[in-house]
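The values are calculated or read from the model by the stated rules, or taken from the named source; none is laboratory data. Owing to the predicted nature of the structure, the values given are computational and were not obtained by experimental measurement. Please note: Cβ atoms are built from the backbone with ideal geometry, for glycine as well, and neighbour counts cover all protein chains shown. All accessible areas refer to the heavy atoms of the entire protein, side chains included, with ligands and DNA or RNA removed. Shrake-Rupley method; radii C 1.70, N 1.55, O 1.52, S 1.80 Å.
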Number of protein chains: 2
Amino acid sequence: MSVGIRHDDLRRRNRAMVIGAVRRGGQPSRTEIAATTGLSHSTISAISADLIAEGILTEGKPNEAGLLKRGRPQVGLGLNPKAATVMTVVLSLNFLSVAVIDYAGQVVAEEQRRLDTLTMSREALIGECTAIVRRRLEDPDLDVRSVARIALGIQGITDTKARAMLWSPITPQTDIAFADILEAEFGIPATMENDCNMMAVALRWRDPERYRDDFIAILLSHGIGMGLVLKGELFTGTHSSGGEFGHMIHRPGGALCRCGRRGCVEAYAGNYAIWRNARQLGEDTEPAADVSDAQMRTLAATARENDGPEREAYRKAGEALGYGLGSLFALIDPAPVAMVGVSAAAFDLIEPALREAIAQTAGGQHSKSISFDTEPNELPLIREGCAMRALTFVDQEIFAPGVQARAGAGKNVA
Amino acid sequence: MSVGIRHDDLRRRNRAMVIGAVRRGGQPSRTEIAATTGLSHSTISAISADLIAEGILTEGKPNEAGLLKRGRPQVGLGLNPKAATVMTVVLSLNFLSVAVIDYAGQVVAEEQRRLDTLTMSREALIGECTAIVRRRLEDPDLDVRSVARIALGIQGITDTKARAMLWSPITPQTDIAFADILEAEFGIPATMENDCNMMAVALRWRDPERYRDDFIAILLSHGIGMGLVLKGELFTGTHSSGGEFGHMIHRPGGALCRCGRRGCVEAYAGNYAIWRNARQLGEDTEPAADVSDAQMRTLAATARENDGPEREAYRKAGEALGYGLGSLFALIDPAPVAMVGVSAAAFDLIEPALREAIAQTAGGQHSKSISFDTEPNELPLIREGCAMRALTFVDQEIFAPGVQARAGAGKNVA
DNA sequence: CAGTGTTTTTTCGAGGCTCGAAAAAATAGG
DNA sequence: CCTATTTTTTCGAGCCTCGAAAAAACACTG
């Protein structure tokens, strides 16, 4: 349950905080870190001396910042790229990509591969993942011992502990404990993350101004996914990655969803649903296995040209998303939204109906003030998110080690 | 942003933890506290010596626990009832109640009053609240200086900081900063809490076995409200108390809701909605201002007797609640549910349709394993929740004081 | 009823951590 | 070259927690 703070936790946490301040960027000086953390200069000085001696941080070149002030110039601290390495593995429909990233966040190597994920056996899928990781680890340019963490990202549902994929639309296989498998194979700590959660993580690092403590990342792709950051923390379900926005119910008993149920938001707003409606196939039509991005772009172009069934299909998608967001906003209050994925490029077709629907809901009071941003390409976001996830793990668990995670400290509901 | 841990925070947090362990009950001995907190016996000994010297804790009578073991008997620690006092003020439809509670959680005085909240002016409403508090404070049996905190509970939406009521169904008035008003009036720290959140808090204290880290409390009353505990913490919106389960959209464009919008869960499951359907008044009929508990009990009795419109009304309520819960479970995964309020007594009429609906949703996979509990009386729960909220505030902020809440310490999304 | 064993609680010195103040370092301006 | 200014480091003081050992409080035994 609730657990005390031991004396050794103190240094550990403050170390993690200094590293975090440096990772957040801007080559902060010791003085700046002291200011933002509220700790004394002496403490920051001591901690950063340690971290530099251990090769985790480096002192930047002085005079780097340009403008010269009167006194002793600040010396910026940066992450030592050689301090460690992490790997990201992103598994999406028919596509596997891996990247090696240095401690400062720069990609140092990558590899991509086309697969037929929908028909592959369990063993083949696992085999491809371990094989691609092994190839990267065998790269002579890479010091294997420096690889401190592997983060996998996958479309689908993962468990809360980020160990296993529970279900995924990209494969009929279920319950694959990828994290455990990779750990056993390579002896490197690994996690299995949900794609949309990683999108949210990446957005937060990319644009901390806009995506700070509360925001929503929605993936508009074949399926509909969501990553949610609330009060500065990634929101997950109690047992799974959660946030299955696409499977909130839009119309009870409505259109057939890929998940086999009826009336989910996705059954109106997923690519296959927009496709189905645009082709006027009827709501009971079995969802198409895949609609290519090119097909979707053509569809959007047609919809923009004339007011036919294509435009109506996007309208219906907007309506479903709007009512879904409205229900979500009833629970969490409105927040900035990032629309990601190929259909985000067609957001102009979606937005009017979406806003109209939101206006009919509890979030509607501030309907106009809700801001949307679009980002058509989800894969780079997922990879960035995985990278940051892996790197912050190294920051916190390896470079600021201590008593193992004493979860729940100080938690108290009342 | 993220903030370091100062040396003085250490003792403060560990003090709070010892107090928390004692409040959680069972008259724990120092040894037991040391075990559950992971701190050393020496530390616990030192801290509890302080707390006893300060009159916050008391040593229980030895031999109290009955069964005698071999060595030196454990001496249980308890809360000193005289250490402080808190007040709870619960404002609900046409009803105002206040209670004075000692530090150990026992009610030492109370007072209740009928009001006509729906027609009262802003000033009158505020006046009644301050007046009833003043009367209790002027009670000669009460040492005013001991009153350390006032917690108000109100049906409706409050702000995240628990300072103000933003909107409430019990009054046409909006945006009343009750917490600030009471603080200014009496110089005692106060908070303004959402009723359903307090229900959840109370349930957690009442039955920590069942209501531990993840559960849902749903108020089935004139309106539909929700209190949500996720990962051990009370869930609130980004700006408001949030969790407006009753205003998730069940059927876009559907039945008229008390909030003026259409198709909300509440427009099918609130007392007025059940009433409207039972009387076959049509979904556009303006919601009745109030339906008495007695009327609802009669309705439920009729519904149990024969399969008429009354039974159908409860069925529709169950369906709306089920689909709503299904959407909620898509976001947070299934969790135990407590149904509270007068219509919880008619849960037998609601449950079949509710379970059937959930089975059609993403949460449906575990439809049968979702467990429901009922509690017809919400007011005692709300008061208990307010009491615990106020008491834990005293525990943490007054008896374990230190640097003022350095929020966000260590929060990191990636 | 005194001695022994057992368990809880307190005491005490050691080791760590952060802090404030002062010193040292590094630079611009005159 | 000297002074003002700002950053960074050094150093002693003050807490806090810890482990080990001592003290306390009881049950059991013969």
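Quick rundown of the values:
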quantity	calculated
Alpha carbon centroid spacing (whole Å) that separates segment B:315-371 from segment B:74-122	33 Å
Using a 7 Å Cα-to-Cβ projection, B:ALA49 label spacings across copies, nm, ascending	3.5
Cα-derived Rg over Rh, computed across segment B:1-154 with Rh taken as Kirkwood radius	1.11
Packing-based order for A:190-199, B:335-344, using average beta carbon neighbours within 10 Å, highest first	A:190-199, B:335-344
Net dipole in debye of segment A:244-370 [+1 Lys, Arg Cβ; -1 Asp, Glu Cβ; about Cα centre; nearest 20]	120 debye
Between helix B:7-23 and chain B: long-axis angle, C-alpha atoms, 0 to 90°, nearest 10	70 degrees
Contact surface B-A: accessible area buried, both sides summed, square angstrom, 1.4 angstrom probe	5900 Å²
Label 7 Å beyond Cα on the Cβ vector: A:GLY127 copy-to-copy distances, nm	8.3
Solvent exposure, largest accessible area first (probe 1.4 Å, DNA, RNA and ligands not counted), of B:ARG15, B:ARG355, A:ARG262	A:ARG262, B:ARG355, B:ARG15
Cα gyration tensor shape of the protein assembly as shown, rounded if a/c is under 1.5, else prolate or oblate by comparing a/b with b/c	oblate
Gyration tensor (alpha-carbon) shape descriptor, segment A:158-285, a/c threshold 1.5	oblate
Solvent exposure ordering (accessible area, 1.4 Å, most first) of A:LYS231, B:LYS368	B:LYS368, A:LYS231
Relative contact order of segment B:8-99, defined on C-alpha pairs under 8 angstrom at six or more residues apart (%)	26 percent
Residue-level accessible surface for B:THR43, protein heavy atoms, 1.4 Å, Å²	50 Å²
Most to least accessible of B:SER42, B:SER241, A:SER45 (protein chains only, probe 1.4 Å)	B:SER42, A:SER45, B:SER241
Segment B:207-377 pair-distance distribution - Cα-Cα, 10 Å bins, rounded %	11, 41, 36, 11, 1
Under the Karplus curve 6.51 cos²θ - 1.76 cosθ + 1.60, θ = phi - 60°, whole-Hz ³J(HN,Hα) for segment B:213-220, x wherever Gly or Pro sits	9, 9, 6, 10, 10, 10, 8, 9
Partners for B:LYS69 among aspartates and glutamates (Cα-Cα distance below 17 Å; same-chain residues under 8 apart left out)	B:GLU32
Leading residue at positive end of dipole, segment A:1-115 (Cβ point charges), from A:GLN74, A:ILE19, A:ILE47	A:GLN74
Accessible area (Å², per residue) of segment B:68-150, counting only protein heavy atoms and a probe of 1.4 Å	51 Å²
Nearest-ten-degree value, helix A:122-137 long axis tilted from longest Cα axis of chain A	40 degrees
Neighbour net charge for B:SER168 - beta-carbon separation under 13 angstrom, K R +1, D E -1	-3
Positive-end residue, the protein assembly as shown charge dipole about Cα centroid, Cβ charges, pick of A:VAL342, A:ALA320, A:LEU203	A:LEU203
With all protein chains modelled, accessible area of B:ARG279 [1.4 Å, Å²]	110 Å²
Under 5 Å, built H, 5+ apart or other chain: amide partners of B:GLY153	B:VAL89, B:VAL90, B:LEU91, B:GLU193
Positive-end residue, the protein assembly as shown charge dipole about Cα centroid, Cβ charges, pick of A:ALA131, A:ILE101, B:PRO352	A:ILE101
For chain A, diffusion coefficient by Stokes-Einstein and Kirkwood Rh (Cα), 20 °C, 1.002 mPa s, µm²/s	93 µm²/s
Student exercise, chain B dipole from Lys, Arg, Asp, Glu Cβ charges, in Debye to nearest 20	1180 debye
With all protein chains modelled, accessible area of B:ASP348 [1.4 Å, Å²]	80 Å²
Selected from A:ARG122, A:ARG114, A:ARG72 as most flexible by GNM, with chain A as the system and alpha-carbon contacts under 10 Å	A:ARG72
With every protein chain in place, the protein assembly as shown: carbon and sulfur % of accessible area (1.4 Å)	49 percent
Percentage relative contact order, segment B:262-336, counting C-alpha pairs under 8 Å, at least six apart	36 percent
Residue-wise HN-Hα coupling along segment B:168-179, computed from phi with Karplus coefficients 6.51, -1.76, 1.60 (Hz; x: Gly, Pro)	8, x, 8, 8, x, 5, 10, 6, 10, 7, 3, 4
Mean Cα-pair separation over length for chain B, i.e. relative contact order, pairs under 8 Å, 6 or more apart, %	15 percent
Using alpha-carbon coordinates, inclination of helix A:293-305 to the longest axis of chain A, degrees	60 degrees
Lys, Arg +1 and Asp, Glu -1 on Cβ, resulting dipole of the protein assembly as shown about Cα centre, debye, nearest 20	1780 debye
Label-to-label distance, nm, for residues given as A:ARG72 and B:ARG297 (7 Å Cα→Cβ offset)	7.8 nm
Global form of segment B:219-272, assessed from the alpha-carbon gyration tensor, a/c cut-off 1.5	prolate
